[in-house]
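This report refers to the structure that appears directly beneath it.
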Amino acid sequence: MATSSVPAVRTSRARWWREVGWRHVVGAAALLFALFPIVYVLSASVSVRGTLSAANSLFGTFTLDQYVSLLHDPLHPYVDWFVNTVVIASVTAVGTVLLGAAAAYAFSRFRFRGRRGGLLSLLLIQMFPQLLAYVAIFLLLIALENVFPILGRDSQVGLIMVYLGGALGVNTYLMYGFFNTIPRELDEAAMIDGASHAQIFFGMILRLTAPILAVVGLLSFIASFNDYVLASVLLNSPSKQTLAVGLYAFVSRQFAQNWGVFAAGAVLAAIPIVLLFQFLQRYIVSGLTAGSVKG
Amino acid sequence: MTTSTAVPPAPPAPPTTPTETSRRPRPESHARGALTMGYVAKLLLVALVDALGVYGIFAGSAHESWGIVGFLAFALLLVNLVYFVPSRRLIPAKYLVPGLLFLLVYQVFVVMYTGYTAFTNWGDGHNSTQSDAVTAILSQNERRVDGSPSYGLSVVEKGTTLGFAVVAPGKTPQVGTAASPLTDVPGATVANGVVTALPGYSVLDFSSIVQRQQEITNLRVPVSANPNDGSIRTTDGSVGYLYRSTYSYDAATGILTGPEGTYRADEKVGNFVDAKGQKIEPGWKVAVGFKNFTDVLTDSSLRGPFVSVLIWTFAFAILSVLLSFGLGLFLAITLNHPRVRGQRLYRSLLILPYAMPAFLSAVVWAGMFNQTFGFINTVLLRGASVPWLNDPWLAKGAVLLVNLWLGFPYMFLVCTGALQSIPADAIEAAKIDGASGPRIFRSITLPLLLVSTAPLLISSFAFNFNNFNIIYLLTQGGPRDLTAGVNVGSTDILISFVYKLAFQGVNRQYGLACAISILIFLIVASISAATFRRTRALEELN
């Protein structure tokens, strides 16, 4: 006969497993699935031979050669790509936030003819993704090139303008929902104090809605960071390209051979985005769900 | 806009912002009042826009781009009107105009242009106008005219454009380039029957001619604006010969005559066609009505691929949403338990696949799935040779798996947030009523969860429906279906199919690609519209 304490310990441990323990098993499995490709690409970026097959011995060898050759090969100007991408994505993000917030302010705070129709058409036209219209965009830029060369093909300014064309739309909608939650009485109080609509917008509304502005900015930053189609159609010279276009062209030229250098490039490119995500994590969750519930 | 009628507590200086001005009887108060920072900023910005716009109108007129000139004139008027006419009714416009201008150029115009192109036969072989097609046909069939005189020729350069300066016996020297026909040049210096110096041009010496031989032998300089007159070409850079086409074109009757018969312009198909229906390439761009749309369903080489791509697009989008939502929800329910420690750590690590730039993830997975060297075959399966990306069905599975990896963290985040906002007392009440765990989940948690996540599921569906990156960067739509008449693979979704039609291969078909783009738009828009109505999102508009 066992003593009475043993089954008690056993049952409490069994209960822990039934209530909590298995959850950690599931969580660990999910982590394995989520992190495995990231660990793999990290190890590939420090493998000595830098080929696809050499990447399979996870952290079997260690060197920084891949990073060195990534940053020093004139044939693939990685630093240029990186700077281009960050500049294009940042300018687009700031522009999107400003244009979208201004429109959301107008829709949320003023009553004017065509307001409802305007909101609905924004929603509708946004269903036509720019991606589908790249043929037309390409031709538009050829036409613009004659008048404003800087807005034409192979120009980053031209690409930013194209991205900004999508600034109104879903973003405006997300911000519109959030702006509506800021009580109108605040505007009225400010107005009585003599503030103009511009002072209310720049001085008050933009500050109170910072969380949604951060989310929209981040989403826009990521969208242009990730864009492959428009950037590859519009940017041709290697030194003007973005990471998505340049790195993909580089790795697909000699897939197995260039693997280590590509992995190094991928790790460096992912760092800023991952940091942004961790930094803004709180806002992202609340912004996404708030936007969805409010419509 | 709700404005208070209360007068501001009498500031000595008149207010200078537009709202305030608009209430005053004398709108020119900016001139008298103190210039505020905001007003100066506005003035500078509008001045910049005006300067660019006026420059654009001049440059556009010089290039005869009347569409651009017209739009710029409209935009300039609009901007100056909205920002300087003091009227309360224009205040919302001040906030809408900047975004709207971008929207008009880069979205509305582009969508309309896509719509227009969908009704044309534009593509390789039908790129331009009829007269361009005539020029192309005539110049492609040029032969040296037997017994024609030879011209003393020198190769000249203006900027980076090459041209020929020719001297016919007893005539004024002439100069021309590929784009501009020969014209007389009086100021040329001629020695030994060739031009040796020409104002505004540099004459290439022998070594430069040798260096750029290829370019020079390919150059043809038209004799006149009429393509029937032929062109001057050279083989050695010093003697030019007259080349004439074996075809000739009569602009008055619109008939093209060639060595094998006569051809009439057929405006329905955009080609020159002879009596037997034989076409000559290239043709030109014409409107073809709904042909591109009906071709998708009736052309036998197109219908099969289109239908299978359409089915796979739906399957891919729906399965991607369901799988990632399922896994995300399962993880959220599992980990969102008061006694589970380290929830924040789990969350910051599980967010990583979502945070990784998707174009990188797709390529990394493509490497891991590689048949001969990839990690999955060599290490996980110990040297197996499974054709992950080369078998039609395995490739579909691989694409779904990668998209699950990319998508589940987002769903996990959203579900965790939604779960935490479900009121605890509803679940408590159900427990007291004796409901079992699964029953609570089915009747309370899931319905409440779906209310808040449904719009996100819809937009996730719309996103995946057009998820070009994952398909193109992972498999490029492959493995290619070699039995199909067009370039299509078994993981191609509609948008990657369109991309290949428009930009890849030898026979690019913009018109057809635009028609399918319109179809995609209609599908996504109607599905979203139907579900938006259900989720009541639109009711909050007022």
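FYI, it's all coordinate maths here, none of it is from the lab. The structure presented is a predicted model; accordingly, all values stated were derived computationally and were not measured. Quick reminder, even Gly has a Cβ in these numbers, built from the backbone with ideal geometry, and neighbours come from all protein chains shown.
In table form, for the structure just shown:
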{"read-out": "Over chain B - Rg/Rh using Cα atoms and the Kirkwood inverse-distance radius", "value": "1.10"}
{"read-out": "Centre separation in Å (Cα based) which lies between region B:225-242 and region B:494-533", "value": "45"}
{"read-out": "Cut-off under 5 Å, modelled amide H: who pairs with B:Ala197 long-range", "value": "B:Thr189"}
{"read-out": "About the Cα centre, charge dipole magnitude for chain A (Lys/Arg +1, Asp/Glu -1 at Cβ), debye", "value": "1060"}
{"read-out": "GNM result for chain A, Cα springs below 10 Å: residue of A:Thr181, A:Thr92, A:Thr209 fluctuating most strongly", "value": "A:Thr181"}
{"read-out": "Karplus (6.51, -1.76, 1.60) ³J(HN,Hα), θ = phi - 60°, over region B:442-454, in Hz, Gly and Pro reported as x", "value": "5, 9, 10, 4, 4, x, 5, 5, 5, 4, 7, 9, 3"}
{"read-out": "For B:Ile255, residues with placed amide H under 5 Å, excluding near neighbours", "value": "B:Asp250"}
{"read-out": "Ranking of B:Lys42, B:Lys431, B:Lys94 by count of other Cβ atoms within 10 Å, fewest first", "value": "B:Lys431, B:Lys42, B:Lys94"}
{"read-out": "For region A:134-150, 3J(HN,Hα) per residue [Karplus equation, 6.51 cos²θ - 1.76 cosθ + 1.60, θ = phi - 60°, Hz, x = Gly/Pro]", "value": "4, 4, 5, 4, 4, 5, 4, 5, 4, 5, 5, 3, 5, 8, 10, x, 6"}
{"read-out": "Residues B:Tyr201, A:Tyr283 arranged by fewest to most Cβ contacts within 10 Å", "value": "A:Tyr283, B:Tyr201"}
{"read-out": "Length-normalised contact order for chain B - Cα pairs under 8 Å, 6+ apart - percent", "value": "13"}
{"read-out": "Nonlocal amide H pairs with B:Val288, under 5 Å, H built at 1.01 Å", "value": "B:Thr120, B:Asn121"}
{"read-out": "Sequence ranges B:273-281, A:32-40, A:222-230, ranked by mean other-Cβ count within 10 angstrom, highest first", "value": "A:222-230, A:32-40, B:273-281"}
{"read-out": "Size of charge dipole - the protein assembly as shown - debye, nearest 20, with Cβ of Lys, Arg +1 and Asp, Glu -1, no other charges", "value": "2860"}
{"read-out": "Sorted by Cβ neighbour density within 10 Å, fewest at the top, the residues B:Cys415, B:Cys514", "value": "B:Cys415, B:Cys514"}
{"read-out": "For region B:144-245: relative contact order, % (alpha-carbon pairs under 8 angstrom, 6 or more apart)", "value": "31"}
{"read-out": "Note, ³J(HN,Hα) from phi for region B:315-321, Karplus 6.51, -1.76, 1.60, rounded to Hz, x at Gly and Pro", "value": "4, 4, 5, 5, 5, 4, 5"}
{"read-out": "Straight-distance crosslink candidates among lysines, where the alpha carbon sits under 17 Å from B:Lys285 and sequence neighbours closer than 8 are dropped", "value": "B:Lys268"}
{"read-out": "For region B:144-245: rounded, prolate or oblate by the Cα gyration tensor [a/c cutoff 1.5]", "value": "rounded"}
{"read-out": "Cα-based reach from B:Lys276 at 19 Å (exclusive), listing aspartates and glutamates while leaving out same-chain residues under 8 positions away", "value": "B:Glu260, B:Asp266, B:Glu267"}
{"read-out": "Region A:39-117 and region B:74-149: distance between their alpha carbon centers, rounded to Å", "value": "32"}
{"read-out": "Taking chain A and dividing mean pair separation by its residue count, relative contact order in percent (alpha carbons under 8 Å, at least six apart)", "value": "30"}
{"read-out": "Quarter of the Cα convex hull surface for the protein assembly as shown, i.e. its orientation-mean projected area (nm²)", "value": "51.1"}
{"read-out": "Exercise: per-residue mean of other protein chain Cβ atoms within 10 Å, A:31-41", "value": "6"}
{"read-out": "Top positive-direction residue, dipole computed over region B:300-536 with Cβ charges, set B:Leu456, B:Val309, B:Ala484", "value": "B:Leu456"}
{"read-out": "Sum of -39500 (n - 2.57) over DSSP H runs of 4+, divided by residues of the protein assembly as shown (222 nm, nearest 500)", "value": "-18000 deg cm²/dmol"}
{"read-out": "Region A:163-223 and region A:133-155: distance between their alpha carbon centers, rounded to Å", "value": "31"}
{"read-out": "Magnitude of the charge dipole, chain B, Cβ model with Lys/Arg +1 and Asp/Glu -1, debye to 20", "value": "1880"}
{"read-out": "Options B:Leu512, B:Gln130, B:Gly367, ranked by Cα towards positive dipole end of the protein assembly as shown, top entry (Cβ charges)", "value": "B:Gly367"}
{"read-out": "Positive dipole terminus of the protein assembly as shown, leading residue within B:Val402, B:Val40, B:Ala188 (C-beta point charges)", "value": "B:Val402"}
